[in-house]
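Scroll down for the structure; my scribbles are underneath it.
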Amino acid sequence: EEEEDVEEEEERWHQLYPGHIPTSPLQKALLAAGSAIMALYDPYRHDMVAVLGETTGCLALPNLRDKMKHHPEGYRILQERPRIRLSTLDMSRLRGLPDGLLGREYVRFLEDNKVSPDTRMPPKFVDDEELAYVIQRYREVHDLMHTLLGMPTNMLGEVVVKWFEAVQTGLPMCVLGAAFGPVRLSTRKLQVLATELVPWAVRSGLNASCVLNIYYEQRWEQPVESLREEIGIFPPP
Amino acid sequence: MAAVLLWRGRARALLSRVRGAPRALRGLAAGPEMHFGFQSVTEEERREKIYQVFENVAKKYDVMNDSMTLGIHRVWKDILVHKMNPSPGTLLLDVAGGTGDIAFRFINYVRAARERQLQRKLKHHQNLSWQEIFENYQEDKFNSLGSSQVVVCDINREMLKVGKQKAQHLGYSEGLSWVLGNAEELPFDDDKFDVYTIAFGIRNVTRIDLALQEAYRVLKPGGRFLCLEFSHVSNPLLSRLYDLYSFQVIPVLGEVIAGDWKSYQYLVESIRQFPPQEELKAMIEDAGFFKVDYENLNFGIVAIHSGFKL
């Protein structure tokens, strides 16, 4: 009986990080397909979008991680593993900053759209602990993308941000989201999307340096304009 | 790649330790290790974890059942009620009856049986006086179920809640009651029920021996015990396909449909931990039941065990 207990102990350590669920390639494939279908069927299932990202990111994530490793600021982020959460942010201080600064605009974005950084799903199906952090960072930085691009959280805004992220990260989930997201938009919005917003987002994405290499938490006092210029994001139309 | 090998090794290693009486049966108090799926936990922990599993899945329980079994679970439950063949006037206790699947089938069955009964009566009574016919209608009107009743008992509030909502939605009210209770310690008097059923519930009971003893206690002499549960597939090829499906597909379905991988991982693991057909038969006999027998459905994926209190 003791043998059996030890055996059982052992199988729980396959967990590489809290919340990790090890999966076989077949399971990942099924998850990817299932989550893609479910995400299209029920757009409110944000957890399905997250799962899709994790199960299809096996090429893009190491790529991103390497980009971060080879950049001084990105490297520091990988070492220090900062997390953007309500508990770690000093909301009142950020709110008190002058207009136009990153911190102030970020808080404004959160409040206007009634979102919180705490609703991001923790990764489950990424089989590498560092890559799990990379995808977590990508998720937490998403709201800052909105702020930098000046896009709201409605369907249109989300699609634009997805286009930008698709170019920047190469994550299949972003590419799929960018391609299929517009399906639910009206024709008028589609026009604006196609003629103005997407080209701008793509150009900015290509021109910009890797957005995960910015240590946002140390730049709250930087004006948004200046940060945009530094990264290489063109002014929003 | 490493993850795959680790995973396969783990599943196989643990599948091989499924045989052997669950340590649960040597039933001691809080201390000893028991299984929760493939994990090792104490008795108390196990009860709590299982409660949480069903709390989480309650709302999606029926959808998941349909997806996992491709709707076949409905056939299994139909077969159970047909085997029971209840006549009007039967008092049924459905334990771990949660969302009411067995209870509703029972009601449909006795209602149909009652109608046939009334038809037959009418045919016989073609030459009654108008007064007698009138009286017949009066008493039968309040007895569309022929005074049959089903009590649904479940330990989990969420499951009962879903069950009650379903009953309302589907229009079941007569002859149906819902009781919160533990299969190991039923809140009913001795010798009360004609039939006791437990469908896909006994696997989640922590002390199966106690549940069986309670079943014996609350049944009337002549009463029948029926258990519908996942069991063991002996055919080796089928068994491997079944394992593949269980471990690869079901947790994925759980994640995609219910957003809950872990509960469905628990489900497939707990099926492997449950005693096989012959062992369960012996346990039922130990509780005092006679003429204990079982019927395999779908090559042993599911089995119906039956016993009588004589």
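Laboratory data are not the source of any read-out in this text; all were calculated from the coordinates shown. Computed from a prediction, not measured in an experiment: that's the story for all the values here. Ideal geometry is used to build each Cβ from the backbone, glycine not excepted, and the neighbour counts take in all protein chains shown.
I'd like to verify something in chain B: which complete DSSP H helices, judged by Cα projection on the helix axis, reach 24 Å or more and average at least 0.5 on the Kyte-Doolittle scale?
On the way: long enough: B:101-124 (35 Å, -0.85).
Long hydrophobic helices here: none detected.
Label separation (A:Asn113 vs B:Lys49): 3.9 nm, computed from points 7 Å beyond Cα along the C-beta direction.
The order of the peptides A:95-106, B:168-179 by mean Cβ neighbours within 10 Å, most packed first, is A:95-106, B:168-179.
Positive-end ranking of B:Gln131, B:Ile72, B:Leu237 along the dipole of chain B, with charges on Cβ about the Cα centre, is headed by B:Leu237.
In chain B, what percentage of the DSSP-assigned beta bridges are antiparallel, given to the nearest 5? Among the beta bridges of chain B, antiparallel pairing accounts for roughly 45 percent. Nearest 10 degrees, 0 to 90: what angle lies between the long axis of helix A:198-207 and the longest principal axis of chain A (Cα atoms)? Rounded to the nearest ten degrees, it is 70. Peptide A:46-52 has a mean of 2 when you count, residue by residue, the C-beta atoms of other protein chains within 10 Å of its C-beta.
Could you compute Rg(Cα) / (2.2 N^0.38 Å) for the stretch A:24-162, with N its residue count? Mind dumping the intermediate values first?
Working: Rg = 16.2 Å, N = 139, 2.2 N^0.38 = 14.3 Å.
Normalised Rg, Cα atoms only: 1.13.
Determine the dipole magnitude for the protein assembly as shown: charges of +1 sit on the beta-carbon of Lys and Arg, -1 on that of Asp and Glu, nothing else is charged, the reference point is the Cα centre, and the result goes in debye to the nearest 20. Provide the component values of the computation, followed by the final result.
Details: 65 positive and 74 negative charges, 330 e Å.
For the protein assembly as shown, the charge dipole is close to 1580 debye.
Report the FRET efficiency, 1/(1 + (r/R0)^6), for A:Leu86 and B:Arg120, where r is their Cβ-Cβ distance and R0 is 60 Å, rounded to 0.05. Write down the numbers at each step before the final one.
Numbers: r = 71 Å, r/R0 = 1.18.
For A:Leu86 and B:Arg120, the calculated efficiency is 0.25.
Dividing the Cα radius of gyration of chain B by 2.2 N^0.38 Å, with N the residue count, gives 1.09. Just going by the charge dipole of the stretch A:147-204, with Lys and Arg at +1 and Asp and Glu at -1 on Cβ, which of A:Leu190, A:Val167, A:Gly157 is farthest out on the positive end? The listed residue farthest towards the positive side: A:Leu190. Projected label points at A:Tyr215 and A:Tyr41, each 7 Å from Cα along the beta carbon direction, are separated by 4.6 nanometres.
Other protein chain C-beta atoms within 10 Å of residue C-beta, averaged over B:253-260: 5.
How large is the helix-only mean residue ellipticity at 222 nm for the protein assembly as shown, computed as the sum of -39500 (n - 2.57) over DSSP H runs with n ≥ 4, divided by its residue count, in deg cm²/dmol to the nearest 500? Numbers along the way, then the final one.
Values: 25 runs with 292 residues, N = 547.
Calculated mean residue ellipticity at 222 nm is -16500 deg cm²/dmol.
Annotation: average projected area of chain A is 14.7 square nanometres, based on the convex hull of Cα atoms across all directions. Which pairs, out of B:Lys121/B:Lys291; B:Lys49/B:Lys281; A:Lys114/B:Lys49, put more than 31 Å between their alpha-carbon atoms? With Cα atoms farther than 31 Å apart: B:Lys121/B:Lys291; A:Lys114/B:Lys49. Listed by chain and number, the lysines whose alpha-carbon sits under 17 Å from that of B:Lys192, ignoring those within fewer than 8 places in the same chain, are B:Lys220, B:Lys309. Per residue of peptide B:242-251, the mean number of Cβ atoms on other chains within 10 Å of the residue Cβ is 2.
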